[in-house]
């Protein structure tokens, strides 16, 4: 049983390490989004996030394989993985290290989810802004369109100021 616990502890540490890598990747993505906005870096970050997610799935599968090897019935797969349930299989006096790692893992996961959500919102807002700018510009070149917003009319002769006619 001790070898099983040591194997699980090692895998939980590995999972924590990968989540920390994912957090670092998201932080670099955020920096790129807010400062440089280099598309090639965004693709690189996206690929790295995919690779790290795959690593996490593989670690989950390895943890479940350890349980299977030791004939511990768990009724889980990588998609339905539940660390709390796995920890409940371990006698409480032997689970303290894994529990500490799991608590750290929860903390890092929360940071990952929060940062991923913020990055996604930033991208969506930025794309919405760009979309709105494009709509303003394309609507402004049609000769039959002299209105914007709630029926406000702008002077077609002054095309240089078309962007400032949009109601903010």
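Assorted remarks:
- Applying the set (1) free of Cβ contacts under 8 Å to residues at least 12 places away in the same chain; (2) at negative phi to residue 75 leaves exactly one unmet item: (2).
- Residue match in segment 100-110 (condition: assigned to a helix (DSSP H, G or I) and modelled with pLDDT under 80): no
- Tabulated pairs, segment 121-138, first more than 20 Å from residue 33 (Cα to Cα), second at pLDDT below 80, C-beta under 6 angstrom, 6+ apart or interchain: 136/166
- None of 62, 44 is surrounded by fewer than 18 Cβ atoms within 10 Å (Cβ to Cβ), part of a helix (DSSP H, G or I) and more than 16 Å from the chain's Cα centre (by Cα) except 62.
- Only residues that are touching a helix residue (DSSP H, G or I) at 6+ places or on another chain (Cβ under 9 Å) and either farther than 17 Å from residue 115 by Cα or surrounded by 16 or more Cβ atoms within 10 Å (Cβ to Cβ) (or both) were counted in segment 26-36, giving 5.
- Residues within segment 69-81 that are loosely packed, with under 12 Cβ neighbours inside 10 Å and in a loop (DSSP other than H, G, I, E, B), tallied: 6
The values are calculated or read from the model by the stated rules, or taken from the named source; none is laboratory data. Remember, it's a predicted structure, so these values are computed and weren't measured experimentally. Note that we place each Cβ from the backbone using ideal geometry, even for glycine, and neighbour counts take in every protein chain shown.
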